[in-house]
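Working notes for the structure below.
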Amino acid sequence: MVEVLKRLTEARGVAGNEDEVREIILELAAQTGAEVSVDRMGNVIARKPGLKTGKKVMLAAHMDEVGFIISYITDSGMLKFHTVGGIDQRLLLSKRVRIGKKGIPGVMGVKAIHLQEKDERNKVIDQKQMVIDIGVHSKEEAQKLVELGDYACFDSNLVVFGDNKVKAKALDDRVGCAVLLELLKDTYDFDLIACFTVQEEIGSRGGEVAAWHLKPDMGIVLEGTACADIPDVPEHMHITKMGRGPAISYMDRSSIADPELFRQMVKTAREHSIPYQLKENIAGGNDAGVIHKSRSGVPTVVVSVPCRYIHSPSSMMDLNDFNNTIRLMKEFLKGCESR
Amino acid sequence: MKELLANLTGVYGPSGKEDSIRSAIEKEIKDHVDEIRTDTMGNLIAVKKSTLSGDKPPVRVMTAAHMDQIGLIITNIDENGFLRFSNIGGVSPFNVINRRVVFENGITGTVSYETELENMKDLKLNKMYIDIGAANREEAEKQVSIGDVAVYYAPMAAAGNRYFGCAMDDRAGCAVLVQAIKTIKDSPNELIFVFTVQEEVGLRGAKTSAYSVNPAMAISLDVTLTGDTPKSRPMAVRLGAGPAVKIKDSSLICHPRVKNLMIDRAEEAGIPYQLEVLEAGGTDSGSIHLSREGVPSGVISIPCRYIHSAREMVDKNDLENAVKLLNSILENEIVL
């Protein structure tokens, strides 16, 4: 399981440029015996036909991650860039990135501390002042390696450490993708449609199109969600806590959970003694925002794995939470057969 | 109208928890419509059939008013029994200080804030809490749970022709729509009345109901701001000067033919009206006009002071004239 997570998180897939992740998912989904296809937006659709009813349950996890796009090359061969999706500017300085299809290595630079005025040292450096340095000394040389519009992605490997924890980039939402791949191994009474969406981080664009053409009867979104259970954050703003199990959302900024699905999800966790938590703050949105509003409406709920330091190259997750999310989802889907 | 409005503003119904208000409205209108149903998201959809016979299909007109109101959703319960909350819809910290609020099960509480705060400008909802009088977490958890939502506890009051209360946004629109359903004469048009959910969190119910209704034209009814109080931001809408025909807000530019239809009917029937340009804010027509291949849409707005507070204020004549205007539009043949 960690091997799958490692492959998925180390693949590069900034929103709009999900090819590398898509290739891995196509391969792994096909191994489960699912019928696999790619739609016009680039969403991967993996379908396990139901044994009895024609009901369609759509599971969604997004393949894309936050990152950067190259917007200008300076005369000295440095790359100016913009962020793709929500990234805290304080994270950027001296980070390693990989650029374009070839994965050209680069580092994010700014003038050294020695050259900064006193007040500059106390400020967050604006992304506009930063460059990606790819180790060349002219525009011509840089142009041989990089084109405008190339994507850059954090360069970070998955590491298992501490007490059953992993550190990786893009746990939001490759962890959701990994959960879906696991769920695809089973077959249910109803059609299970696992949808690996594109462009969630820039406005749930893939999810909207997928929900439209899939016309599901029910939607469940699997996410990696923020977890701020660290010192200096007051308890009521932790959102989730690491190690306390999957987080079930009653509401976020993009949707209010279908009350019945929310109740059933909580009930399933309780009945099977699977640890779970409710999100203790309301922040962020996800593909549920577009799925629940598709056509004449789709009952939808969100289940998330808590991830600390989300949207950074070193996000962190508890493998127990990951495993409990899979357990909860399996029991919930089995329960759906009788409803 | 007064009794209807007092009744509707007193029913619990924040976005996502519209069951009680939907039942209350359903009870009011069910004997006056040909069909009534509730859709997946919880929108209440009522139909009055066209009187036209023959081959020509009637014009299907959707009118919408949102049932939901803003609220405070519990996100955390601390060891001393205080409830932390987040907003459902546009909740200003200043509007809720020391206000009484009520949960669906009738439990009430007072909203207050961390008083070590030095500058009130820094007041944010995450520095506030609801006190339900519980001594500790256990006692609080017996009464409320994370995810429960409180709304203002503020029974309606009247002063002359003016009504004060919470949730005028948009129970005033609901009351106008209910009254129109009860009083409208036969119509050549197919009339679909939709009481929508989740407007306050992003015009969500309107989106899915517009898709299933598939109308040829749409009108929504909602409250709008006024510019008639001391040193208010300039806006040419006054309380009591009649329903406002919306030109635009940040969710839509009203379709010129729908806007002109409203003005023509108001002029013909001698109904006072005013024109409205709202600089911020949106309403259900913002979702509806983008449904499928586009729906010509407009809005009849009800002037309202102190929107999203516990003391929103509307005028009786504006409400009654809104009913007249809506009926005169819906009862007559519509040529788009």
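What to note about this one:
- Residue list for segment A:272-282, restricted to those being touching a helix residue (DSSP H, G or I) at 6+ places or on another chain (Cβ under 9 Å), within 14 Å of chain B (Cβ to nearest Cβ) and among the hydrophobic types (A, V, I, L, M, F, W, C): A:Leu278
- Screening B:Val223, B:Val237, B:Val295, B:Val277 for residues that are under 22 Å from B:Ile334 (Cβ atoms), in the same structural domain as B:Thr196 (by TED's automatic domain parsing) and in contact with a strand residue (DSSP E or B) (Cβ under 8 Å, 6 or more places away or on another chain) leaves exactly one candidate, B:Val295.
- The set of residues in segment B:78-100 being touching a Lys or Arg at 6+ places or on another chain (Cβ under 7 Å) and more than 14 Å from chain A (Cβ to nearest Cβ) consists of B:Pro93 alone.
- Across segment A:290-324, the number of residues qualifying as surrounded by fewer than 24 Cβ atoms within 10 Å (Cβ to Cβ) and small (Gly, Ala, Ser) comes to 4.
- Residue within segment A:258-271 that is within 13 Å of another protein chain (Cβ to nearest Cβ), basic (Lys, Arg) and over 19 Å from B:Glu200 (Cα atoms) present: yes
- A residue that is touching a residue at least 24 places away in the same chain (Cβ under 8 Å), touching a His at 6+ places or on another chain (Cβ under 8 Å) and outside the structural domain of B:Leu177 (by TED's automatic domain parsing) occurs somewhere in segment B:92-106.
- Segment A:211-263, residues that are touching a residue at least 40 places away in the same chain (Cβ under 8 Å), among the hydroxyl-bearing types (Ser, Thr, Tyr), out of contact with any Asp or Glu (no Cβ under 8 Å at 6 or more places or on another chain) and more than 12 Å from A:Ile291 (Cβ to Cβ): A:Ser249
- Of the residues examined, A:Arg96 is not one that is of a type outside the set (Gly, Ala, Ser), surrounded by fewer than 19 Cβ atoms within 10 Å (Cβ to Cβ) and touching a helix residue (DSSP H, G or I) at 6+ places or on another chain (Cβ under 9 Å).
- Single unsatisfied condition, A:Asp155 versus (1) of a type in the set (D, E, K, R); (2) surrounded by 21 or more Cβ atoms within 10 Å (Cβ to Cβ); (3) in contact with a Lys or Arg (Cβ under 6 Å, 6 or more places away or on another chain): (2)
- Subset of segment A:290-337 (residues that are away from chain B (no Cβ under 14 Å), part of a loop (DSSP other than H, G, I, E, B) and in contact with a helix residue (DSSP H, G or I) (Cβ under 6 Å, 6 or more places away or on another chain)): A:Ile310, A:Ser312
- With respect to the conditions (1) of a type in the set (S, T, N, Q); (2) more than 14 Å from chain A (Cβ to nearest Cβ); (3) surrounded by 20 or more Cβ atoms within 10 Å (Cβ to Cβ), B:Thr75 lacks only one, and its number is (2).
- Residue selected from segment A:102-127 under the condition among the aliphatic types (A, V, I, L, M) and at pLDDT 75 or above, by the criterion surrounded by the fewest Cβ atoms within 10 Å (Cβ to Cβ): A:Val124
- Number of residues in segment A:27-86 that are of a type in the set (D, E, K, R) and either part of a strand (DSSP E or B) or without any contact (Cβ under 8 Å) to a residue 40 or more places away in the chain (or both): the value is 7.
- Just one of the numbered conditions (1) under 16 Å from the mean Cα position of the chain (by Cα); (2) buried (at least 24 other Cβ atoms within 10 Å of the Cβ) is not true of A:Ile202: (2).
- One residue stands out among those in segment A:217-231 that are surrounded by fewer than 24 Cβ atoms within 10 Å (Cβ to Cβ) and at pLDDT 95 or above: the one that is nearest to A:Ser254 (Cα to Cα), which is A:Met218.
- Residue within segment B:294-308 that is free of Cβ contacts under 8 Å to residues at least 12 places away in the same chain and hydrophobic (A, V, I, L, M, F, W, C) present: no
The rows are residues; the columns are (1) in a loop (DSSP other than H, G, I, E, B); (2) surrounded by fewer than 24 Cβ atoms within 10 Å (Cβ to Cβ); (3) without any contact (Cβ under 8 Å) to a residue 12 or more places away in the chain.
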{"position": "B:Leu177", "(1), (2), (3)": "no, no, no"}
{"position": "B:Ser187", "(1), (2), (3)": "yes, yes, no"}
{"position": "B:Gln198", "(1), (2), (3)": "yes, no, no"}
{"position": "B:Ala236", "(1), (2), (3)": "yes, yes, no"}
{"position": "B:Gly240", "(1), (2), (3)": "yes, yes, no"}
{"position": "B:Asp264", "(1), (2), (3)": "no, yes, yes"}
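- Lone unmet requirement of (1) assigned to a loop (DSSP other than H, G, I, E, B); (2) under 22 Å from the mean Cα position of the chain (by Cα); (3) within 10 Å of chain B (Cβ to nearest Cβ); (4) of a type outside the set (A, V, I, L, M) for A:Asn286: (3)
The values are calculated or read from the model by the stated rules, or taken from the named source; none is laboratory data. This is a predicted model, so every value here is computed, not measured. With ideal geometry, Cβ positions are generated from the backbone for all residues, glycine too; neighbour counts draw on all protein chains shown.
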